[in-house]
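Read the figures in this text as sums done on the coordinates, not as results from a lab. Computed from a prediction, not measured in an experiment: that's the story for all the values here. Don't worry about glycine lacking a Cβ; one is built from the backbone with ideal geometry, like all the others, and counts go over all protein chains shown.
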Amino acid sequence: MLPPVPRMGDVSLDSDGRSIDLLELWHAARIPLIVAFALALLAVNLRSWVLARKPADVAPPSPSKLEPQLSAEPDGSVVLSEKFEDISPSSKRRKLSPVPKTGPKRITGGQARKKKQPSPAVGGSDVAAVDEAGDVLPDRKAIQIYVFYSSLTGSTAKYATKLAEDLFSQPLYTPAPAPPVVPETSDDLDPHEKAIFLPPIVENLDYLDLDDYFISPAAPKTPNTTSVYLLLIPTYEITSPVDAFLEHLSETHHDFRIDTRPLRSLLGFSVFGFGDKEGWPIEEGRGGGIFCGQAKEADRWMAKLTGGKRIFPIGMGDVKDDAVASLKEWREHLEVALHDLAGGETIAEYNGVDSEDDEDIAQDDATNQTEPLVDVEDLGDSIQKPLSTNPQPSKSKRKSKPPIPVDFTTKSSSRPAPKIKEMVPKESPTYNALTKQGYTIVGSHSGVKLCRWTKSALRGRGSCYKYSFYGIKSHLCMETTPSLSCSNKCVFCWRHGTNPVSTTWNWTVDPPDMILQGAMDGHYQKIKMLKGIPGVRADRFAEAFRIRHCALSLVGEPIFYPHINEFLSMLHARRISSFLVCNAQHPDQLARLKYVTQLYVSIDASNKESLRRIDRPLHRDFWERFLKCLEILRAKRDRMRTVFRLTLVKGFNIEEEAEGYAALVEQGLPAFVEIKGVTYCGTSTSVGAGLTMRNVPFYEEVCEFVKKLNEALERRGLKYGIAAEHAHSCCVLIASNDYFIDGRWHTVIDYEKFFQLLEEGREFGPLDYVGPPTEEWAVWGNGGFNVLQPADERVYKKGKHKGKTAQEVAEAESGCG
Ligand SMILES: Cc1cc2nc3c(=O)[nH]c(=O)nc-3n(C[C@H](O)[C@H](O)[C@H](O)COP(=O)(O)O)c2cc1C
Ligand code: SF4
């Protein structure tokens, strides 16, 4: 009998006791199973082999994982730090791993660690480093990249940030793959792996204490670190902060107390310049400017100060053409050079003199090297024994050299005398830009421009807020400045990119009588041109040829002009009143100021940070200067009418600041506080600073702020009140109660009385030239436009008040008081 055929599912045992149906299953499936297993094994092996053979191909983290972030340090500097899905938990800094030097130089990532070698110092410098966790490892090296920049209109600032971000996202900063063996001590490390790049630090040269970075290298933020300086320099044919920077480098180089190559311990430097080839060609451009001239100069000075440690030649970009592409190319080369330096390559030191242009300085170098340097404080010693040199001479040399006399004149005679140039030369693009904007340039540093309210008044369409508040008729007023230069870069200033910026007066000076005559001629010339404009009233046109008031508030900083007092006296002698606005950055000049009919100080913020953000002052001690100016203004309040001018910029200096402004009023005790909404000028600077129409407050918002400020003043027991308004100019006046006389505000000025008092030559105060009561229509709550008087006719664009009676218009336009 045949044994029964086993069916699937039947469990029967064979003679060995094994399950018969499992055996059958194996027979049926063994081929596919074996193939699958073999393939899996092959895949695993292949992967290990690929990883072992191609470590350099390990991909850096994707950009989405790597988000460089700018963070402000307590000292005001900006550090680029990373925020990414961490690869190794402690990895906040990334190591550089070199690539083989064969083939085109590209940095492609990490490499497996090698066994220990003697450790040469990176770039010949004696550096060590921190590890990935930020702990100090005595013989590991770190490299700190500084990206320095200067910027007047904002573009170089953006390029600097971008450069730092790009460097940071490059393989210089990508981590090496995990080492196969964790070394016990730092001696076990490959020397090529000892250089770690710290996150780049971006620094604005315009605000930096240059002594901390350019007399000796920056003190590293972590120990055992050496630095690389990358400088992004725009060129300005007008005076700009770059001049101060170059002057600093030059002074450092020529300072006989300082080593001629004080920055030699830097790992290296490189410069990239921004310029405009169209306006300033390679050869001599208009106004003496040269394409990227100042960047080239910075490059030359840096070469001298570092002993020629130029990592990569100067790069240059034309902002109207190839700036982005050139910067990218320069960065890519730089990365290769940085990579080599980190791997131990060195830059040979030399005297830093690159061309014939520098022969004079080479001569200086030679002198400085043969003649020992001496610190003034060491002079006592020098009389007794041979002077020590820096670097130290050998003992034998010291013995053989006799004492060398110290000649203090050597330094000054060998230095080229600083060139004094014109602030706005006639042939310069600045001159052209300003004249295109309607300015008449007077002499070399003054300007005059017709204000839109002058035109409006000539046509019988109303004067500006100065008429409502102080009785100034706009067609009798000239707006001018004896200094087109300023020491701030206010975000709302409408003249940026065209005017010189500087902290000190370093231009030729025009005489005050020439400026006044030139300004008046320029003003009258512009008035004449309005003769044919429809609506110009004959009587006002005739009156306009006798200027009665001068607003020294056009642009720039009038008290910068060295002869401002003489200029003011000349105005007053012609019975022209003076309204002078200064930016609270020049306390010395403010203190020296004599009589002004009404003296203004711009108060653009209530606290230091806000002021830095909105005024972007060039002075490092801007806040101290600002407070000092308030003190001076307070001291002047018994001699003249003093005013705080607040320009409100939504999102910058309104929110939560009323209390702060009240505190400043308490300090300065001005006679008046003028509060004005910012006027949007739409320049590239304002756009660059993030200013848009949204930053312009509505009149209602200005009024709200004024009420808050008034309450804050009341809480402090300060005797002020809201006196007048001019809704059309978005302007409100808070006045000291001294001007609330017999139950009425008296903000208008008696100009004739002012001149008379001046002519009498005796001491007088602001209450001695108070005029008649403020007009009822100008008082707070009434809008500030004289619609009930027949003298002027209010003109509304877009038919806003068409068909309304004067009373209806007055009601519609009445302020929010
Ligand atoms: C008033 C003025 C003067 C300039 N002078 C020069 C010059 O002499 N040479 C040059 O190459 N570029 C010159 N430029 C172009 C600037 O260097 C260029 O616009 C640069 O990007 C400005 O940088 P910033 O926006 O960071 O201030 C000038 C630009 C202006 C507005
Ligand atoms: S102080 Fe005046 S001129 Fe100077 S930047 Fe500010 S607004 Fe412009």
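So for each of 427-436, 143-152 I average, over its residues, the number of other beta carbons within 10 Å; can you give me the resulting order with the highest mean first?
Highest-to-lowest ranking by the protection proxy: 143-152, 427-436.
Between region 622-675 and region 749-785, what is the separation of their alpha carbon centroids in Å?
21 Å
Listing Lys628, Lys466 from the residue with the fewest other Cβ atoms within 10 Å to the one with the most, what is the order? Provide the component values of the computation, followed by the final result.
On the way: Lys628 18, Lys466 22.
Listing Lys628, Lys466 from fewest to most nearby Cβ atoms yields Lys628, Lys466.
Return the subset of Lys676/Lys753; Lys466/Lys526; Lys449/Lys650 for which the Cα-Cα distance in this structure is over 23 Å, preserving the input order. Let's see the in-between values first.
Numbers: Lys676/Lys753 28 Å; Lys466/Lys526 21 Å; Lys449/Lys650 28 Å.
Over 23 Å Cα-Cα: Lys676/Lys753; Lys449/Lys650.
If I take R0 = 45 Å and measure r between the Cβ atoms of Met570 and Lys608 in this structure, what FRET efficiency does the formula 1/(1 + (r/R0)^6) give, to the nearest 0.05?
Step by step, r from the Cβ atoms, then E = 0.75.
Using C-alpha positions alone, give me the convex hull volume of region 484-565 per residue in cubic angstrom.
Numbers: hull volume 10.9 nm³, N = 82.
Per-residue hull volume (Cα only) is 133 Å³.
Where does each of Cys493, Cys451, Cys731 land when they are ranked from fewest to most other beta-carbon atoms within 10 angstrom?
Values: Cys493 21, Cys451 17, Cys731 24.
So the ranking, lowest neighbour count to highest, is Cys451, Cys493, Cys731.
Among Thr440, Thr239, which comes first, second and so on when ranked by fewest other beta-carbon atoms within 10 Å? Display every interim value, and only then the final one.
Values: Thr440 19, Thr239 22.
Final ranking by Cβ density, sparse to dense: Thr440, Thr239.
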